[in-house]
Amino acid sequence: MAGELEKEQRSINARVVFYSFVKIFLIISFYFLIHYKFQNLLKGAVDYNGFIITPNAFLLAATILMITIQFTSILKYIIWDYYFPVKRKVTLSSLLINIINLIINLVCIFGVLKFVFKQPIEHALAATGAFGVVLGFGLQRMVLDLSVGISIDMDKSFQMGNWIHIRHNNLDIIGQIVQMNWRVISVKSADNKLFQIPNNIFGATIVTNLSRPTLDAEFEIKFIVPYIINEKKVLTVALFALDSVAASDYIFDYKCRIDTTSLDGVGYKIRYFLRPDKMAPGKVRHFIHAALMRFFRSENIPFATSFSKNLNDSIYLLSKKFNTIHNEQLKDVVSFSSGEPFSNVDLVKNVDLFAVFDDKKIEHITQKSTLVKFNKGDTVCKQGDLGQSLYIVKEGFLRVFINNDEGREKQVGVLIPEDFFGEMSLLTGAPRSATVVADSKVSLLCITVDVVIPLLSENDKFYYYIARTIAERQSINAKILNQKEDVRKKNSLIRELEEKIRTFSRKFLSMFK
């Protein structure tokens, strides 16, 4: 498709260039026709304050000016639009092109004055210079924009299509250069916002070119944790949090290291790479912050109070009371997976899936459920297998994998305490939609089909709620696998899943009648 569009554009350019040459031929032919066939009409002259204008000189000047216009058009389609971008793979800024066209037109005008009208151009050049000085004082910023624009274009530090990071006072922009002209540089951010930055501000600002040497841009986040927390635990949990963000293809080549030690605690630094043309760095930073807080909260890791003022992109959570916790309470914090952080009732209550049930029904679910444990590396369930149970994570971490259209296994998420999985097989009878593998010692609350299905008939909202939950998860998986999401298909999927759950529920209940 792109090749066809390029051929069509090349054909259009060729036709325009051909028509321009035809126009030049007609202009020259018209000049000679008038000059030799209608000489009587070209006699006489007009004296305007010493500036003598003859019809013949006027005709020649008009001919030269019209040829110059056609010549700049030919330059545009042959040189600016074809030779440099197609043959040389170089994109010239519109600023440079406009300056060259201006020089060509000025040379033409002064040439006509000098050689056609026989007028001295020294005074005109001097007057032009004086006028330029006066105009320069009145338009200092515009002149500065022009000079900085020329400097940027000659320096070649930034080019069209480059992704840049601009910091100026309260301005913090990451985007792609979409236009460079004599006045402004237009930058389009990853969330499709267009910023027009005057050249003089651009030249006085710290600008990072994210496209050089490659488009893989590196960013970092810093945070501080109290000394009492084991550093291996912090690094492990932080990497799990980063894994959950990386599963959505937002970041890659990430790592977490100890950065500093101070009175505030131990400082950690996360470094990660992303492509700003795919996802706005600000959004990715938000996802990482949210993942860190979520994973650290699940493992009772507090952030330390910090009085440092110069740490950018840092996460701080006031936790002065942490230093007063008794040693007995610290045991659950320091050990990696020690203790039982959640009671079974609280665990079920915190799962959104069961938000429609009251305390009595949640107590019933808890009593009928069982606690199962797995070691690191154990497969809890495999994609395609049949299952009749839903799991709620009580302790530990698990990784979720699905097979894409090419049959390759791809990680799509990390599960932490209070997460759940297996709901689709449990409530629709479908095979497991993903493979779940324990990445540490884990404890799972197992809820079987005979516990949940009877409750469905008691609360009609549950059908729609769980259908929406399944649809949301499938939507996320499709996005991770680079499949397009359609809102109408998603709503249709919710209705379809709701009907499947109702049908499966009726069939299951009919077995006991």
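The values are calculated or read from the model by the stated rules, or taken from the named source; none is laboratory data. Since this is a predicted model, take the numbers as computed values, not measurements. Here the Cβ positions follow ideal geometry from the backbone for every residue, glycine too, while neighbour counts run over all protein chains shown.
Details
- Residue match in the range 58-72 (condition: surrounded by 14 or more Cβ atoms within 10 Å (Cβ to Cβ), in contact with a helix residue (DSSP H, G or I) (Cβ under 6 Å, 6 or more places away or on another chain) and modelled with pLDDT under 85): no
- Looking only at residues in the range 252-270 that are exposed (fewer than 14 other Cβ atoms within 10 Å of the Cβ) and among the basic types (Lys, Arg), the one that is farthest from Lys188 (Cα to Cα) is Arg257.
- Counting only helices (runs of 4 or more DSSP H) wholly contained in the range 193-301, the ones carrying 3 or more residues that are small (Gly, Ala, Ser) and either closer than 30 Å to Asn181 by Cβ or not assigned by TED's automatic domain parsing to the domain that holds Ser94 (or both) occupy 231-246, 281-298.
- For the criterion of being touching a helix residue (DSSP H, G or I) at 6+ places or on another chain (Cβ under 9 Å), of a type in the set (S, T, N, Q) and either surrounded by 14 or more Cβ atoms within 10 Å (Cβ to Cβ) or assigned by TED's automatic domain parsing to the domain that holds Tyr465 (or both), Gln367 passes.
- Check on Phe421, buried (at least 16 other Cβ atoms within 10 Å of the Cβ), more than 27 Å from Lys232 (Cα to Cα) and modelled with pLDDT under 75: no
- Look at the range 465-479: where a residue is closer than 21 Å to Val245 by Cβ and a partner is basic (Lys, Arg) and at pLDDT below 70, sitting 6+ places away or on another chain with Cβ atoms under 6 Å, you get Ser475/Lys490.
- Thr428 meets all of the listed conditions (1) at pLDDT below 85; (2) surrounded by fewer than 17 Cβ atoms within 10 Å (Cβ to Cβ) but one, namely (2).
- Sole exception among (1) basic (Lys, Arg); (2) assigned to a strand (DSSP E or B); (3) modelled with pLDDT under 80 for Lys188, by number: (3)
- Taking the criterion of being hydrophobic (A, V, I, L, M, F, W, C), over 16 Å from Pro276 (Cα atoms) and without any contact (Cβ under 8 Å) to a residue 40 or more places away in the chain, the only residue of the range 164-182 that qualifies is Leu171.
- Residue satisfying condition, being farther than 22 Å from Leu347 by Cα, among the aliphatic types (A, V, I, L, M) and either assigned to a strand (DSSP E or B) or in contact with a helix residue (DSSP H, G or I) (Cβ under 9 Å, 6 or more places away or on another chain) (or both), within set Val412, Val437: Val412
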